[in-house]
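One structure is given below, encoded as structure tokens.
The values are calculated or read from the model by the stated rules, or taken from the named source; none is laboratory data. These numbers come from a predicted model, not from an experiment. Cβ sites come from the backbone with ideal geometry, for glycine too, and all protein chains shown count toward neighbours. Just so you know, the surface numbers come from the protein's heavy atoms only, side chains and all, with ligands and any DNA or RNA stripped out. Shrake-Rupley method; radii C 1.70, N 1.55, O 1.52, S 1.80 Å.
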Amino acid sequence: QVQLQESGPGLVKPSQTLSLTCTVSGGSITTNYYYWNWIRQPPGKGLEWIGYITYTGNTYYSPSLKSRTSISRDTSKNQFTLQLSSVTPEDTAVYYCAREIPAYGSSSYDYWGQGTQVTVSS
């Protein structure tokens, strides 16, 4: 059973960098062929995909957030992290990490973290 757990500050000041860590247990983030994603849900809105890091360490980001987003990993800790810079109140959301099974036309997320609330406010 794979488990994902988000952690990090729940409050971030505008213009600062949001940093979150996803700790994975029950499976390795280097195992073929999974992608490890960050997804968020602003209040009253739908899910928004942020980006992922693959089992090999390659990254890919949402075009709308690419300029502000960095996803990295620490394989020794079985963790991957999200850094979102220059945040504004519009970045307030519940942030999730999730494992993806990539497949042409039918990718799916099989495991999710519980989500963590991040509020951007001064």
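Assorted remarks:
- The set of residues from region 46-103 being among the aromatic types (Phe, Trp, Tyr) and closer than 25 Å to Ser122 by Cα comprises Tyr95, Tyr96.
- Residues of region 85-122 satisfying the condition of being crowded, with 19+ Cβ neighbours inside 10 Å and in a strand (DSSP E or B): Ala93, Tyr95, Tyr96, Cys97, Ala98, Arg99, Glu100, Thr116, Val118, Val120
- Selection count, region 10-67, where residues are open to solvent by 70 Å² or more (accessible area, probe 1.4 Å), among the small types (Gly, Ala, Ser) and not in a loop (DSSP other than H, G, I, E, B): 1
- Residues of region 88-113 that turn out to be within 15 Å of Gln41 (Cα to Cα), of a type outside the set (D, E, K, R) and under 15 Å from the mean Cα position of the chain (by Cα), as a count: 9
- Figure legend. Inter-residue proximity from region 8-25: first residues more than 17 Å from Asp91 (Cα to Cα), second residues of a type in the set (D, E, K, R) and open to solvent by less than 70 Å² (accessible area, probe 1.4 Å), beta-carbon distance below 6 Å, spacing 6+ or different chains. Indicated pairs: Cys22/Glu6.
- You will find that of Leu4, Leu82, the residue that is open to solvent by less than 70 Å² (accessible area, probe 1.4 Å), touching a residue at least 60 places away in the same chain (Cβ under 8 Å), part of a strand (DSSP E or B) and in contact with a Cys (Cβ under 6 Å, 6 or more places away or on another chain) is Leu4 and no other.
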